[in-house]
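Trainee: Mind looking over this structure? Questions follow.
The values are calculated or read from the model by the stated rules, or taken from the named source; none is laboratory data. Keep in mind it's a predicted model, so treat the numbers as computed, not measured. Positions of Cβ are generated from backbone atoms using ideal geometry, with glycine treated the same way; all protein chains shown enter the neighbour counts. When the accessible area is computed, the model is the full protein with side chains, heavy atoms only, and any ligands, DNA or RNA have been set aside. Shrake-Rupley method; radii C 1.70, N 1.55, O 1.52, S 1.80 Å.
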Amino acid sequence: MSNKIGVYICEGCDIGPQLNAGQLAEFVQSEYGGTCPVVKTAPVLCSQEGKAMIQADVDAEAVDRVVVCACSPRVKWDVFRFGDKAVVERVNLREQCAWSYTRPETDETAEGEVPETLRMMAQDYIRMGIVKSQKYQKAEAEIPEVTKTILVLGGGNTGLTAALGGAKLGYDVVLVEKEAQLGGFAAKMYKQVPYSYPYTQAVTPDVDQKINAVTAHEKIRVLTNATLEKLEGAPGMYTAVVKNGNGEENIPVGSVVLATGWKPFDPTARVVVADQTACEAQDSEAVVETPAVEKGENVLEPLGYGKFTNVITNVDMELMAKKGDLLRPSDGRPVQSVAFIQCAGQRSSEEGHLPYCSSVCCMVSLKQAGYLREKNENGKAFIIYKDMIVPGVQELYYKAAQDDPGIFLTKGEVAEVAEDGDGGIIVTAKDTLLGEDIEIKVDLLVLATGMVPTTLADPVVNLSYRQGPAFPDLQLFNGFADSNYICFPYETRRTGIYSAGCVHQPMLMGAAEDDAAGAVLKAIQCLESINRGMAVHPRSGDISFPKFNMVRCTQCKRCTEECPFGALDDDEKGTPKPNPTRCRRCGTCMGACPERVISFDEYNVDMIASMIKENEVPDDIDEGGPRVIVFVCENDAYPALDMAAFQGKKWSPYVRFIPVRCLGSINTIWIADAMSKGIDGVLLLGCKYGDDYQCHFAKGSELCNRRMENIAETLGRLQLEPERVQQKQVAIDDYDLIPQMIEEFMNHIIDDIGANPYKGF
Amino acid sequence: MAQTNRIEPDLQFIRDLQAAGGESLKKCYQCATCSVVCPLSPEQNPYPRKEMIWAQWGLKDKLVGDLDMWLCHNCGQCSEQCPRGAKPADLMAAMRNMAYQNIAQPAIMGKLMSAPKYLPVLVAIPAVIFLVVWFITAGFGTPVDENGNVLWRLVFPQTAFIDPLFALTAIAVALIFARGVLNLIKTFNDSPQAPVGGVPVMDVLKSTWQVIKDEILTHAKFKSCGGDNTDRYYGHMGIFFGFIALFIVTAYVGAAYWLGVFTGLDLKTPMSLWNPFKILANVATIGLIIGLVLVTKRRLNLDDAKFKSCYYDWYLLGVIWVVVLTGMFSQLLRLANVPGIAYPVYFLHLVSIFMLFAYLPWSKLAHLVYRTIALGYARKVGREPKPQV
């Protein structure tokens, strides 16, 4: 606990005119004079003079904690830094007080004076800031031994690019490929869709050069015919157990790039997804279950696949083109005409079909139509599509391919595929652009089928994590190792493992190369953060770790099961075993623990509980107004709040915002503390959860919601209405909805439920 | 099921269309902006969208007998608005060019008129004919009459040569057109895509007369074409009425000459400058030049991302320019009495007139017959006029 806290109050940006900094300074001196020897005001704290004033106090060792009462902590953080000797706490008097204040009718303060409700609000925030600063303990970084080796899983185009990238930047790379040769599908392709200017002609893949560069590179160790049996340990200190022809080998690695790619769609496969509700799994078996694959009917049979010899898939077509001429499978005669049916077995909710678009098949069909035209001047290629999906700059490729006189495109619904006497295929299509139903006869029919990721029914990374060997919740992404968030595209649910290429999302080879570059840079960032004891994303640079007071642990296993990143393993008794480098510092474990065993030096249960209790809560709701605590997650909700204030939105003066790392870190004891203090309601503002989740820690807000449902029961037993606690989902652009959310909640408290019966106890 | 057509794209036809002016036709992706902005296109089965997809798929039998290609008056709004630069207006023009090439017999003429490499042959035919005559009559000399003035008849006799030649040419062209028109109507009737329209009307003669009265003489469609069509409206009017006026003058000159031959009256050319027909001819020439300047200026300033002129366009413009300029200078040189230059210029005038009229059924100018007939046919089947909404 510190008692050399300096409190500095800014008068700039509307704070001074509205709030009377001098009055606030007096308040601090009278109530907190003991712990706050220095209390100063300044016209513009972020100016050179303001900053120098604070620095002087720090240098003179008059203070070792600095509480800056000014603008939002999200701005001017580069200004309010005073070196290692001072820890800075920010109190948001600008956005949360001056800018968003609405004066209630019941406030009868005289003209020219700071309104009573505003003054009380500012004072509460300063109180909370001081208490937080007192309870703050500086964390010490834990620096582990880090293996600066990157494991790249998969030796196709993506893996090769990632390996070369990592090696070029000076890191050792171990490349594990399960086939006997490198190159993946790229090595079996005749040509690829162009990914560089002028984007108009398909080009020969350069994967052979990449293979040569990788095998020749001294920093890259290539293991072919090899599989990853187990990945033990944690980021920075993994042990990859790799099996190849010579047996098993334990290879120390630091981070992983997952580039295991895709498999062609199997029209007879049916994926069965197990229920992944974490809370229900009470036993110590794997929490994360990998989907299983069963056999069903061939869904492509109506399109002739498996029925007629001259119906093949786009994968078959590519392999054939690479080998040489395009020949009819039935009799080996050269192909004079070919038809492509797009979206075969895809973009459909029917059983056995892929529900998504595989992104590349339209361009692949244009490319393969070009193969026929290249090999046969009078060849005819027909493409029957639902839509031509050619994202971004690939439009130029589409335009160029269209210009070929022998390629015919039309939208249409394929009504029937039949075989003619000579083996030719007759395709009938309805609702075409030609204004009528059409029938075409071709030598060869190519079904543009999609891709499924290697992670669909196989853990692939085989983690020795208590939560299971695979990535959790991949059914949200149809099995792709995606993270469903624009902000961190390469992240997975397992820290230290970054996905790239088609295992991540269906994409073209050029895009996969970009993806590989990003993933390997993330893998490097991971190593270079862990070796300084820092978290990577999203709390980059955070050196604090959750600490466990195991004495009070009851082995309930909630923390081990609820950690979104599987950071906690456990022993036979169920005592959690933290793996610090897996941790992203969200605090979900802290929120989960019913015994409050877990805490961070800089952020813990006691700190927030003290902040709640430090608020001044009037005994009479009619005289002093209600009081509502709003927990605001720092990722989306707090920025939205700042933006709302910036845009001039206003709300009730009876709310008190407390920022938290993630709603998942909210421990239910804080609700209890708020209720016993007489606070009338608790509103939780955090990121969206569910299928389209935006929670930056994947599961935090969803877990919070579930926990709040659980404590409704507890509140009921205390004769408290469960609706006193509500959670709302806020996206970063929902700033305009915030005033409405607050108003609805306040009205509900005031009009429907009334005062907390525990007020004044 | 019986309605489903077996589609067999004709690859060579696509290449022919691309060569005839539709080089960007493959760029179309069927967004239908062209059909929406076209001010003349009917609401049912509008053009030029369907022509674009038919052209892309090489569906020759649908395109050959398409009535709509003639309803289009080439205002260019479709190409202006096309987001892909597929130049639908140029495709419609290319379809018409293919029609000029293929409808009239003999087909060899269509081929000769289709590409610049045959131009020397086209020039050579009349050039040789007139040079032979010049050799016979004057040994390539430049004779003058008893007053020392240039007199065309001395080199190119009217009775013996000019009138019979051009009369035969006119009769031949008329017969070729007659057969061509019947062929054209047959293609309309045989077309698998029956033109959909409103109420079928009356008989062909009445509908054709309506077309001439309501559309051609008023140039009404030029006005309702979208965008700024001032240049085309006045340009085409100048050229059109200029030629009609010159036709009247030529008819008078021919009639007067042969009347004189049979009655002994001297009604030979050259006419006095104050002769009303001479005045008409000179006014017509001025109108023609103004019209030519307007349409040539417009064509030269076209944005080539959206419009590409082709050989058919330049051939016709070029020939008419030569006809008008050589005609004007022939008169001026005759009046100034410079035989050494006058006769060669007059020779060029005759060659270019021959190229304009003898080759008429296979040139872009054939539209004066084909489009008129097509518009008449459109009224007959009810595809035009557009119902008033």
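Trainee: So which of A:ALA269, A:ALA274, A:ALA278 is among the hydrophobic types (A, V, I, L, M, F, W, C), in contact with a helix residue (DSSP H, G or I) (Cβ under 8 Å, 6 or more places away or on another chain) and at pLDDT below 95?
Mentor: Values: A:ALA269 fails: in contact with a helix residue (DSSP H, G or I) (Cβ under 8 Å, 6 or more places away or on another chain); A:ALA274 fails: in contact with a helix residue (DSSP H, G or I) (Cβ under 8 Å, 6 or more places away or on another chain).
Selected residue: A:ALA278, the only one of A:ALA269, A:ALA274, A:ALA278 that is among the hydrophobic types (A, V, I, L, M, F, W, C), in contact with a helix residue (DSSP H, G or I) (Cβ under 8 Å, 6 or more places away or on another chain) and at pLDDT below 95.
Trainee: Restricting attention to strands (runs of 3 or more DSSP E) lying wholly within region A:393-475, give those where 1 or more residues are within 14 Å of chain B (Cβ to nearest Cβ) and within 30 Å of A:ALA269 (Cβ to Cβ).
Mentor: A:407-411, A:413-419, A:425-430, A:438-442
Trainee: Please give the number of the condition B:LEU63 fails out of (1) within 14 Å of chain A (Cβ to nearest Cβ); (2) in contact with a Leu (Cβ under 7 Å, 6 or more places away or on another chain).
Mentor: Among (1) within 14 Å of chain A (Cβ to nearest Cβ); (2) in contact with a Leu (Cβ under 7 Å, 6 or more places away or on another chain), the lone unmet condition for B:LEU63 is (2).
Trainee: Only one of A:ALA42, A:ALA110, A:ALA98 is within 21 Å of A:LEU641 (Cα to Cα), outside the structural domain of A:ILE750 (by TED's automatic domain parsing) and open to solvent by less than 70 Å² (accessible area, probe 1.4 Å). Can you tell me which? Can you show your working first?
Mentor: On the way: A:ALA42 fails: within 21 Å of A:LEU641 (Cα to Cα); A:ALA110 fails: within 21 Å of A:LEU641 (Cα to Cα).
Among A:ALA42, A:ALA110, A:ALA98, only A:ALA98 is within 21 Å of A:LEU641 (Cα to Cα), outside the structural domain of A:ILE750 (by TED's automatic domain parsing) and open to solvent by less than 70 Å² (accessible area, probe 1.4 Å).
Trainee: Continuing with the same structure: Can you pull out every residue in region B:1-40 that is more than 9 Å from chain A (Cβ to nearest Cβ), closer than 29 Å to B:ARG379 by Cα and free of Cβ contacts under 8 Å to residues at least 60 places away in the same chain?
Mentor: Result: B:CYS31, B:ALA32, B:THR33, B:CYS34, B:SER35, B:VAL36.
Trainee: Would you say A:MET590 is over 18 Å from A:MET121 (Cβ atoms), open to solvent by less than 10 Å² (accessible area, probe 1.4 Å), part of a helix (DSSP H, G or I) and in contact with a Ser or Thr (Cβ under 8 Å, 6 or more places away or on another chain)? So that I can check it myself, show each step before the final result.
Mentor: On the way: over 18 Å from A:MET121 (Cβ atoms): yes; open to solvent by less than 10 Å² (accessible area, probe 1.4 Å): yes; part of a helix (DSSP H, G or I): yes; in contact with a Ser or Thr (Cβ under 8 Å, 6 or more places away or on another chain): yes.
Here the answer is yes, as A:MET590 does meet what is asked.
Trainee: Among the candidates A:TYR654, A:TYR603, A:TYR638, which residue alone is touching a Pro at 6+ places or on another chain (Cβ under 6 Å), crowded, with 19+ Cβ neighbours inside 10 Å and within 24 Å of A:GLN137 (Cβ to Cβ)? Steps first, answer last, please.
Mentor: On the way: A:TYR654 fails: within 24 Å of A:GLN137 (Cβ to Cβ); A:TYR603 fails: touching a Pro at 6+ places or on another chain (Cβ under 6 Å).
Residue meeting the stated conditions: A:TYR638.
Trainee: Okay, moving on. Any residue that is closer than 20 Å to B:SER309 by Cβ and in contact with a helix residue (DSSP H, G or I) (Cβ under 9 Å, 6 or more places away or on another chain) - is there at least one of those in region B:133-144? Outline the logic, then answer.
Mentor: In the first step, residues of region B:133-144 are kept if they are closer than 20 Å to B:SER309 by Cβ; the result is none.
For region B:133-144, residues closer than 20 Å to B:SER309 by Cβ and in contact with a helix residue (DSSP H, G or I) (Cβ under 9 Å, 6 or more places away or on another chain): absent.
Trainee: Is it fair to say A:THR432 is modelled with pLDDT under 95 and under 30 Å from B:CYS28 (Cα atoms)? Even if it seems obvious, please write down each step before you answer.
Mentor: Numbers: modelled with pLDDT under 95: yes; under 30 Å from B:CYS28 (Cα atoms): yes.
In short, yes.
Trainee: Is one or more of the residues making up region B:24-32 hydrophobic (A, V, I, L, M, F, W, C), outside the structural domain of B:TYR311 (by TED's automatic domain parsing) and open to solvent by less than 10 Å² (accessible area, probe 1.4 Å)? Give the steps one after another, and end with the answer.
Mentor: As a first pass, look at region B:24-32 and keep what is hydrophobic (A, V, I, L, M, F, W, C): B:25, B:28, B:31-32.
Subsequent filtering for residues that are outside the structural domain of B:TYR311 (by TED's automatic domain parsing) retains B:25, B:28, B:31-32.
Subset that is open to solvent by less than 10 Å² (accessible area, probe 1.4 Å): B:25.
Scanning region B:24-32 turns up at least one residue that is hydrophobic (A, V, I, L, M, F, W, C), outside the structural domain of B:TYR311 (by TED's automatic domain parsing) and open to solvent by less than 10 Å² (accessible area, probe 1.4 Å).
Trainee: Go over the candidates A:ILE732, A:ILE750, A:ILE742 one by one and state the one that is open to solvent by 50 Å² or more (accessible area, probe 1.4 Å) and closer than 21 Å to A:LEU663 by Cβ.
Mentor: Exactly one of A:ILE732, A:ILE750, A:ILE742 is open to solvent by 50 Å² or more (accessible area, probe 1.4 Å) and closer than 21 Å to A:LEU663 by Cβ, namely A:ILE732.
Trainee: If I go through region A:657-672 residue by residue, how many of them are over 21 Å from A:ASP736 (Cα atoms), over 21 Å from the mean Cα position of the chain (by Cα) and either surrounded by 20 or more Cβ atoms within 10 Å (Cβ to Cβ) or among the hydroxyl-bearing types (Ser, Thr, Tyr) (or both)?
Mentor: Count: 4.
Trainee: Let me ask another. Does any residue of region A:469-477 turn out to be open to solvent by 30 Å² or more (accessible area, probe 1.4 Å) and more than 25 Å from A:LYS577 (Cβ to Cβ)? I'd like the intermediate steps shown before the answer.
Mentor: Filtering region A:469-477 for residues open to solvent by 30 Å² or more (accessible area, probe 1.4 Å) gives A:469, A:475-476.
Remaining after also requiring more than 25 Å from A:LYS577 (Cβ to Cβ): A:475-476.
Within region A:469-477, one or more residues are open to solvent by 30 Å² or more (accessible area, probe 1.4 Å) and more than 25 Å from A:LYS577 (Cβ to Cβ).
Trainee: Would you mind finding the one in A:ASP420, A:ASP437, A:ASP443 that is over 19 Å from A:ASN157 (Cα atoms) and in contact (Cβ under 8 Å) with a residue 24 or more places away in the chain? Before you say what the answer is, go through the steps one by one.
Mentor: Details: A:ASP420 fails: in contact (Cβ under 8 Å) with a residue 24 or more places away in the chain; A:ASP437 fails: in contact (Cβ under 8 Å) with a residue 24 or more places away in the chain.
The unique qualifying residue is A:ASP443.
Trainee: Is it true that some residue in region A:491-498 is away from chain B (no Cβ under 14 Å), in contact (Cβ under 8 Å) with a residue 12 or more places away in the chain and open to solvent by 20 Å² or more (accessible area, probe 1.4 Å)? Let's see the steps before the verdict.
Mentor: First, pick out the residues of region A:491-498 that are away from chain B (no Cβ under 14 Å): A:491-498.
Filter once more, keeping what is in contact (Cβ under 8 Å) with a residue 12 or more places away in the chain: A:491-498.
So of that shortlist, the ones also open to solvent by 20 Å² or more (accessible area, probe 1.4 Å) come out as A:493.
Yes, because at least one residue in region A:491-498 is away from chain B (no Cβ under 14 Å), in contact (Cβ under 8 Å) with a residue 12 or more places away in the chain and open to solvent by 20 Å² or more (accessible area, probe 1.4 Å).
Trainee: Could you tell me how many of the residues in region A:499-520 are within 19 Å of A:ASP208 (Cα to Cα), open to solvent by less than 10 Å² (accessible area, probe 1.4 Å) and touching a helix residue (DSSP H, G or I) at 6+ places or on another chain (Cβ under 8 Å)?
Mentor: Residues of region A:499-520 that are within 19 Å of A:ASP208 (Cα to Cα), as a first pass: A:501, A:508-514, A:516-517.
Remaining after also requiring open to solvent by less than 10 Å² (accessible area, probe 1.4 Å): A:501, A:510, A:512, A:516.
Applying the additional criterion that residues be touching a helix residue (DSSP H, G or I) at 6+ places or on another chain (Cβ under 8 Å) yields A:501, A:512, A:516.
Count: 3.
Trainee: Out of the residues in region A:224-241 that are surrounded by fewer than 21 Cβ atoms within 10 Å (Cβ to Cβ) and among the hydrophobic types (A, V, I, L, M, F, W, C), state the one that is nearest to A:THR147 (Cα to Cα).
Mentor: A:MET237
Trainee: While we're looking at this one, here's another question. Quick one: A:SER72 ticks every box in (1) small (Gly, Ala, Ser); (2) surrounded by 20 or more Cβ atoms within 10 Å (Cβ to Cβ); (3) modelled with pLDDT under 95 except a single one, so which number is it?
Mentor: Of the numbered conditions (1) small (Gly, Ala, Ser); (2) surrounded by 20 or more Cβ atoms within 10 Å (Cβ to Cβ); (3) modelled with pLDDT under 95, the odd one out for A:SER72 is (3).
Trainee: Still on this structure, I have one more. Looking at region A:606-626, can you tell me whether even one residue there is within 26 Å of the chain's Cα centre (by Cα) and surrounded by fewer than 22 Cβ atoms within 10 Å (Cβ to Cβ)?
Mentor: No, region A:606-626 contains no residue that is within 26 Å of the chain's Cα centre (by Cα) and surrounded by fewer than 22 Cβ atoms within 10 Å (Cβ to Cβ).
Trainee: A further question follows. Out of the residues in region A:1-39 meeting the condition of being hydroxyl-bearing (Ser, Thr, Tyr) and surrounded by fewer than 21 Cβ atoms within 10 Å (Cβ to Cβ), tell me which one is nearest to the chain's Cα centre (by Cα). Walk me through it before giving the result.
Mentor: Restricting attention to region A:1-39, the residues satisfying the condition of being hydroxyl-bearing (Ser, Thr, Tyr) are A:2, A:8, A:30, A:32, A:35.
So of that shortlist, the ones also surrounded by fewer than 21 Cβ atoms within 10 Å (Cβ to Cβ) come out as A:2, A:30, A:32, A:35.
On the way: A:SER2: 37, A:SER30: 46, A:TYR32: 42, A:THR35: 41 Å.
Among them, the one singled out is A:SER2.
Trainee: Another one. Being touching a residue at least 60 places away in the same chain (Cβ under 8 Å), under 24 Å from B:LEU182 (Cα atoms), open to solvent by less than 10 Å² (accessible area, probe 1.4 Å) and touching a helix residue (DSSP H, G or I) at 6+ places or on another chain (Cβ under 9 Å): is that true of B:ASP61 here? So that I can check it myself, show each step before the final result.
Mentor: Numbers: touching a residue at least 60 places away in the same chain (Cβ under 8 Å): yes; under 24 Å from B:LEU182 (Cα atoms): yes; open to solvent by less than 10 Å² (accessible area, probe 1.4 Å): no; touching a helix residue (DSSP H, G or I) at 6+ places or on another chain (Cβ under 9 Å): yes.
Spelling it out, it is not the case that B:ASP61 is touching a residue at least 60 places away in the same chain (Cβ under 8 Å), under 24 Å from B:LEU182 (Cα atoms), open to solvent by less than 10 Å² (accessible area, probe 1.4 Å) and touching a helix residue (DSSP H, G or I) at 6+ places or on another chain (Cβ under 9 Å).
Trainee: Would a scan of region A:363-371 turn up a residue that is under 23 Å from B:ILE53 (Cα atoms), surrounded by fewer than 24 Cβ atoms within 10 Å (Cβ to Cβ) and either at pLDDT below 95 or facing another protein chain (nearest Cβ under 8 Å) (or both)?
Mentor: No, the conditions are met nowhere in region A:363-371.
Trainee: When you scan region B:72-84, do you find a residue that is within 13 Å of another protein chain (Cβ to nearest Cβ), in contact with a strand residue (DSSP E or B) (Cβ under 6 Å, 6 or more places away or on another chain), open to solvent by 20 Å² or more (accessible area, probe 1.4 Å) and not small (Gly, Ala, Ser), even just one?
Mentor: Within region B:72-84 (the criterion being within 13 Å of another protein chain (Cβ to nearest Cβ), in contact with a strand residue (DSSP E or B) (Cβ under 6 Å, 6 or more places away or on another chain), open to solvent by 20 Å² or more (accessible area, probe 1.4 Å) and not small (Gly, Ala, Ser)), the answer is no, since none of the residues qualifies.
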